[in-house]
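The values are calculated or read from the model by the stated rules, or taken from the named source; none is laboratory data. Predicted, not measured: the structure shown is a model, and the values here were computed from it. Positions of Cβ are generated from backbone atoms using ideal geometry, with glycine treated the same way; all protein chains shown enter the neighbour counts.
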Amino acid sequence: MEMLSAVVVLVVAVAGVILSIFWFYVSMWSPIVLAAMVGFLGWVLFEVGRSKVREDPMRALRLMEWRLLLPGSLAAAGSAAIIIVEFHFQAKAGWSDQDKGVVAAFTTAITTCLGALFVKGAETYDESWISRQIRDCFQDVFKEEFPHGSDPDLAVNEQSDWGRVDRRERVERIKQGLK
């Protein structure tokens, strides 16, 4: 799972760089609109998946996992904001060494704080952003569907891990119970 977290953090950082390039070279609204569109796409895919849970649970799961785009777009926007803040607070020519030092310390503090917030969120994206929502959706739809204590019932109602690998196995058990 650590490798997947590292990939997510890298993607968010690269997306942040791309959004900041749009800010500087296209318009200041372009990264905001782009991030909003990507986030909206993630929300729409999640809702479409939610509507298909009963008819095709595995397909619904795959669609719902795109929910990652919503918080991912926010994290990328935060990453872009870090870059933009760093650029705007850079020391200007003609400033004293003391002023340059203060500005450098200030921007370092801001970027460290914002970076820690967004990177920490990206590291736990699955548990904090996706797993609980998918679990809640499946439990709402299949709460009373299966005989109590049956394998599909346990797959739906156990509160234990709903991580990426486990939820695929759970949904497969649910799918078998629907046949």
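Can you find a residue in the stretch 8-18 that is at pLDDT 85 or above, within 19 Å of Ser131 (Cα to Cα), under 13 Å from the mean Cα position of the chain (by Cα) and not aromatic (Phe, Trp, Tyr)?
no
Cβ-Cβ below 8 Å, separation at least six or inter-chain, first residue in the stretch 79-107 and over 25 Å from Val12 (Cβ atoms), second of a type in the set (Val, Ile, Thr): which pairs?
Ala91/Val103; Trp95/Val103
Looking at Ala109 and the list (1) in a helix (DSSP H, G or I); (2) at pLDDT 85 or above; (3) over 24 Å from Glu47 (Cβ atoms), which single condition is not satisfied?
Result: Ala109 passes all but (2).
List every residue pair whose Cβ atoms sit under 6 Å apart, with the two residues 6 or more apart in sequence or on different chains, where the first one lies in the stretch 159-177 and is closer than 17 Å to His148 by Cβ and the second, anywhere, is in a helix (DSSP H, G or I) and not hydrophobic (A, V, I, L, M, F, W, C).
From the stretch 159-177, the pairs are Arg173/Asp151; Arg173/Pro152; Ile174/Pro57; Ile174/Pro152; Gly177/Pro152.
Checking the condition without any contact (Cβ under 8 Å) to a residue 24 or more places away in the chain, touching a Leu at 6+ places or on another chain (Cβ under 6 Å) and either among the aliphatic types (A, V, I, L, M) or under 21 Å from Asp136 (Cα atoms) (or both), which residue from Leu63, Leu41, Leu69 passes? Spell out how you get there, then give the answer.
Values: Leu41 fails: without any contact (Cβ under 8 Å) to a residue 24 or more places away in the chain; Leu69 fails: without any contact (Cβ under 8 Å) to a residue 24 or more places away in the chain.
Leu63 is the lone residue from the list that is without any contact (Cβ under 8 Å) to a residue 24 or more places away in the chain, touching a Leu at 6+ places or on another chain (Cβ under 6 Å) and either among the aliphatic types (A, V, I, L, M) or under 21 Å from Asp136 (Cα atoms) (or both).
Kindly indicate whether any position in the stretch 96-105 is aliphatic (A, V, I, L, M), buried (at least 18 other Cβ atoms within 10 Å of the Cβ) and at pLDDT 80 or above.
No, there is no match, as no residue in the stretch 96-105 is aliphatic (A, V, I, L, M), buried (at least 18 other Cβ atoms within 10 Å of the Cβ) and at pLDDT 80 or above.
Let's see how each residue does on (1) assigned to a loop (DSSP other than H, G, I, E, B); (2) under 23 Å from Val48 (Cβ atoms); (3) out of contact with any helix residue (DSSP H, G or I) (no Cβ under 6 Å at 6 or more places or on another chain); (4) among the hydroxyl-bearing types (Ser, Thr, Tyr):
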position	(1), (2), (3), (4)
Val141	no, yes, yes, no
Glu144	yes, no, yes, no
His148	yes, no, yes, no
Leu154	no, no, yes, no
Gln159	yes, no, yes, no
Trp162	yes, yes, no, no
Arg168	no, yes, yes, no
Glu172	no, yes, yes, no
Lys175	no, yes, no, no
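State whether the residues of the stretch 49-57 include one that is hydrophobic (A, V, I, L, M, F, W, C), out of contact with any Lys or Arg (no Cβ under 6 Å at 6 or more places or on another chain) and surrounded by fewer than 20 Cβ atoms within 10 Å (Cβ to Cβ).
Taking the stretch 49-57 as the starting set, the residues that turn out to be hydrophobic (A, V, I, L, M, F, W, C) are 53.
Now restrict to residues that are out of contact with any Lys or Arg (no Cβ under 6 Å at 6 or more places or on another chain): 53.
Add one more test, that the residue is surrounded by fewer than 20 Cβ atoms within 10 Å (Cβ to Cβ), and what stays is none.
Looking for residues that are hydrophobic (A, V, I, L, M, F, W, C), out of contact with any Lys or Arg (no Cβ under 6 Å at 6 or more places or on another chain) and surrounded by fewer than 20 Cβ atoms within 10 Å (Cβ to Cβ), one finds none in the stretch 49-57, hence no.
Which of the residues that make up the stretch 132-145 are touching a residue at least 12 places away in the same chain (Cβ under 8 Å), under 16 Å from Asp56 (Cα atoms) and out of contact with any Phe, Trp or Tyr (no Cβ under 7 Å at 6 or more places or on another chain)?
Cys137, Phe138, Gln139, Val141, Phe142, Glu145
Looking at (1) under 21 Å from Leu69 (Cβ atoms); (2) of a type in the set (D, E, K, R); (3) in contact with a Gly (Cβ under 7 Å, 6 or more places away or on another chain); (4) modelled with pLDDT of 75 or more, which one does Asp126 not meet, given that it meets all the others?
Asp126 satisfies every listed condition except (4).
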